[in-house]
Amino acid sequence: AAYGRRISVRFCSSRMTLDNINRAAVDRIIRVDHAGEYGANRIYAGQMAVLGRTSVGPVIQKMWDQEKDHLKKFNELMVAFRVRPTILMPFWNVVGFALGAGTALLGREGAMACTVAVEESIAHHYNNQIRTLMEEDPEKYEELLQVIKKFRDEELEHHDIGLEHDAELAPAYAILKKVIQAGCSAAIYLSERF
């Protein structure tokens, strides 16, 4: 309540309002997804800095453009639901760019291995969120579920694009993938909480 009035923000046309949602769950979901999409943008920025003028540049740019749309949507949700961003944003800024540029320095295959590892982790994370919201109230969270499902599907497309562009030929692919995915798991854990 602000000055004795109740404030109610509606998420488009759904029944999801600030008054009737599980605030802790929604705050955690929006915060971590915002951080993840921000990190993905920084990864693609790093890849483009190294490989932007190569034959794979347009492929990376197309995926990056979709990630920019994802980030824009989560920026809107942060405002609509008054969710604070993670305090780790400056860290994800640097780490994301370094990861993108570092793997791109391994060549096209390294950049695509990074894409496969990150997007697989994010798709798994989105699936967990979908399950959580479905178990709580699929009708109440219908529009948020639609956003998450759409973005999950696009992340899986990026995963497949990475495989099509020889991700598995990257040096030490299996190890690289495991290390990146461990980093993604840590980033998710920290961004949900801080």
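The values are calculated or read from the model by the stated rules, or taken from the named source; none is laboratory data. Model, not experiment: these values are computed from the prediction. Positions of Cβ are backbone-derived with ideal geometry, glycine not excepted, and every protein chain shown enters the neighbour counts. Quick note on the areas: whole protein, heavy atoms, side chains included, nothing else; ligands and nucleic acids left out. Shrake-Rupley method; radii C 1.70, N 1.55, O 1.52, S 1.80 Å.
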At least 27 Å along the helix axis (C-alpha) and Kyte average at least 0.5, DSSP helices within the chain: 173-193
How far, in nm, would the chain grow between N93 and E143 when pulled straight, counting 0.36 nm per residue and subtracting the alpha carbon separation? 15.1 nm
Would you mind calculating the relative contact order of the chain from Cα pairs under 8 angstrom and at least 6 residues apart, reporting the percent as a whole number? 28 percent
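If the chain between R84 and K178 were fully stretched, how many nm would it gain, using 0.36 nm times the residue separation less the Cα-Cα distance? Don't skip to the answer; put the middle values down first.
On the way: separation 94, 0.36 × 94 = 33.84 nm, distance 3.02 nm.
Difference between extended and current length: 30.8 nm.
What trypsin sites (Lys or Arg not before Pro) in region 60-137 are in a loop by DSSP, with at most 16 other Cβ atoms within 10 Å of the Cβ?
Passing sites in region 60-137 are R82.
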Which of these, H159, H124, H34, has the largest mean-square fluctuation under a Gaussian network model of the chain (Cα springs below 10 Å)? H124
So, over other residues within a Cβ distance under 12 Å of L77, counting Lys, Arg +1 and Asp, Glu -1, the net charge is -1
Please compute the per residue accessible area over the chain with all protein chains in place, 1.4 Å probe, rounded to a whole number of Å². 50 Å²
What's the FRET efficiency of N22 with D65 using the Cβ-Cβ distance as r and R₀ = 41 Å, to the nearest 0.05? 0.80
Computed accessible area, I43, all protein chains, 1.4 angstrom probe, square angstrom: 20 Å²
In whole percents, the bins of 5 Å from zero upward hold the Cα-Cα pairs of region 23-192 as 2, 9, 19, 23, 20, 13, 8, 4, 2, 0
Output for region 52-114 (equivalent-ellipsoid semi-axes, sqrt of 5λ from the C-alpha gyration tensor, Å, descending) is 28, 15, 7
Pair-distance profile P(r), taking every C-alpha pair of region 115-192, with 10 angstrom steps and integer %: 19, 42, 29, 10, 1
Please identify, among G110, G96, G52, the residue showing maximal mean-square fluctuation in a Gaussian network model of the chain using a 10 angstrom Cα cutoff. G52
